Structures are given as C-alpha cells and as structure tokens.
Amino acid sequence: MEAIPRFSNRLLSLSSINPNTKSLITPFLRLQLSQIPTFNQLPISPNPLKTTRFFLSTKTLNPSSPPSTSITRAGWLLGLGNNKRQKQLPDLVKAGDPVLHEAAREVDPKDIGSEKIQKIIDDMIGVMRMAPGVGLAAPQIGIPLKIIVLEDTKEFISYAPKEEIKAQDRRPFDLLVIVNPVLKKKSNKTALFFEGCLSVDGYRAVVERSLDVEVKGLDRYGQPVKVDASGWQARILQHECDHLEGTLYVDRMAPKTFRTVENLDLPLAVGCPKLGAR
C-alpha cells in the first residue's frame, strides 16, 4: 500500500522537506511536491468525511546513520515510487506483470531462516521504506511467495490532518513481517476510503474494507505470530494479503471512483458511495 508511509513513515522519518524535489509517489502517485493538502481540501459531498490520504516520507535505510533529507508526499497505500532507489534494492513490479495477478506460494517454514528468505525480507523492508509505502508484498518485487511487511509510525501519522486520522482510525504500529499470513475478518463492519498502490503509480480508488481482522502466520524467525487489527492497520493488512492472492485494489474498487492523483481532490461522481465507516 502506498502512503502508506514511509503504507507510513510509515517507514520513514520525516525530518525535513526538500523543496527542490519534484514529482513522485503511495501502497499506496506522481504528485508535484507542494504544500501538504489539508483535510478540507478533499471535498466529498454530501458526506462530511473526506477522502483518505497518506503522507509519506523517505529517509536513510540505516537507522543508525544520521537522518537524511526527507521528502514528504501524499500517497500510500501510496503509489508513487521514489526515483532515487538504492541500486542494491530490487525494482517494484508494476500492474500487468503476471506475478501480480497470480496466487503466491507458501514459504516452507524450514526455509524461513535461510539466507535467501532473510534477504527477500530485508529487500522488501528497504523497498517499502524507500518507495515510500506502508506495506509491501513479496510479489511486488517479483517474488511469488507469501510474505508481507508493513509499518506505520507516530511521527509519520502526525503529518496528516487530525480529522483524517480520526476518520481512518489510524494508529501507529511497529514493523511487522508476516510469512504465510492467513487473514480472517472479525466483524461485518466496513469502511470506504481511497487506496493507492506502489504497483499502480499515479492512481487512487475507493475500496470497501473490513474494519476488524485477525492475521495469523509466522514471523521472520519462523515463530507463530497473531495480529488483531482494526481501522487503518486492518486495511493495510487486507491490501497486502490481497496481493498474495493475485488481487490488486483496482479489482475491488467502487465503480466510478478510480482517478488520477491529480484529481484526488475532486468530488465523487453522483452515485458513488460515501466515504467513511458503515
């Protein structure tokens, strides 16, 4: 998911904004870097809830090194890639590549601790943070395995309007690595918000997602992990788990809500669903 930060800073820390940086971008969208839009700039009549956005930033991938100049942008669940990719990181795979439209394979638990799988996980984290995004699935770097990573930080979330954060029920969480995730919806409650994707640059669409989910799997050390998530974190988990089944957010989008990032502020067409929780 793109803006998805750094899917938050989600993976990246926002220390400063480089005014000379031009377009990019969230998993979620090539936007010209400009003043961060306010919640009021996203009119969605007649629903008082405005369109959801993610504000991302990029930083050095080495947490022990001094913070580098950050670039803040809207996206995410972003959808705009950072052109300054480090050479050692794999490229993001874009929509149309078969790996994004076919089901991924489970990872043999005995292989999780191997150098190969650990490198894949490290690459995924690096690509997610560099993009930036709040989540990433292995197929997005061309590897058809069931592995997802996601992260959202307090610092990154602080750059979004308070009204938006509240509407999204967005709260920070530390880096999560889940191998062979199995997602279960825990309630019938849903919400509709705009999503983007790092593999579908420059576009957004409204997607209805469950508000409460449970995900079970294995962590990067092969140990069982269970995540009970709600709100925005639940949305990210659903977005990334969809990737493992060969499903993109555009396969689930509400008709007539698909748009370019440049038109994200425009009102929804007549007949489109209202944004927010149901």
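Taking F193 as the residue in question, decide whether it is within 30 Å of A269 (Cβ to Cβ), aromatic (F, W, Y) and in contact with a Lys or Arg (Cβ under 9 Å, 6 or more places away or on another chain).
yes
Restricting the stretch 140-168 to residues that are part of a helix (DSSP H, G or I) and touching a strand residue (DSSP E or B) at 6+ places or on another chain (Cβ under 8 Å), which is surrounded by the most Cβ atoms within 10 Å (Cβ to Cβ)?
So the residue we want is F156.
Is it fair to say P98 is modelled with pLDDT of 95 or more and in contact with a Gly (Cβ under 8 Å, 6 or more places away or on another chain)?
Here the answer is no, as P98 does not meet what is asked.
Would you check which residues across the stretch 227-278 are closer than 14 Å to V134 by Cβ and either among the aliphatic types (A, V, I, L, M) or part of a loop (DSSP other than H, G, I, E, B) (or both) and list them?
A229, A234, I236, L237 - these are the residues of the stretch 227-278 that are closer than 14 Å to V134 by Cβ and either among the aliphatic types (A, V, I, L, M) or part of a loop (DSSP other than H, G, I, E, B) (or both).
It is to be established whether one or more residues within the stretch 115-126 are more than 18 Å from L198 (Cβ to Cβ), among the polar types (S, T, N, Q) and at pLDDT 95 or above.
For the stretch 115-126, residues more than 18 Å from L198 (Cβ to Cβ), among the polar types (S, T, N, Q) and at pLDDT 95 or above: present.
Which number in (1) within 21 Å of G133 (Cβ to Cβ); (2) among the charged types (D, E, K, R); (3) surrounded by fewer than 23 Cβ atoms within 10 Å (Cβ to Cβ) marks the one condition that E195 misses?
(3)
Filter the stretch 179-203 down to the residues that are touching a helix residue (DSSP H, G or I) at 6+ places or on another chain (Cβ under 6 Å) and part of a strand (DSSP E or B) and list them by number.
Result: P181, L183, E195, C197, G202.
Within the stretch 94-119, which residues are part of a helix (DSSP H, G or I) and either touching a Ser or Thr at 6+ places or on another chain (Cβ under 9 Å) or crowded, with 16+ Cβ neighbours inside 10 Å (or both)?
V99, L100, I117
Taking the condition of being within 12 Å of the chain's Cα centre (by Cα), in a helix (DSSP H, G or I) and not hydrophobic (A, V, I, L, M, F, W, C), how many residues in the stretch 125-139 meet it?
Total satisfying the criteria: 1.
Return the residues of the stretch 241-272 that are closer than 18 Å to T190 by Cβ, modelled with pLDDT of 95 or more and not hydrophobic (A, V, I, L, M, F, W, C); say none if nothing qualifies.
The answer is D242, T247, Y249, D251, R252, T257.
Run down D122, D91 and say which single residue is assigned to a helix (DSSP H, G or I), within 18 Å of the chain's Cα centre (by Cα) and surrounded by fewer than 22 Cβ atoms within 10 Å (Cβ to Cβ).
D122
The values are calculated or read from the model by the stated rules, or taken from the named source; none is laboratory data. Note that this is a predicted model, so its numbers are computed, not measured. All Cβ positions, glycine included, derive from the backbone under ideal geometry; neighbour counts span all protein chains shown.
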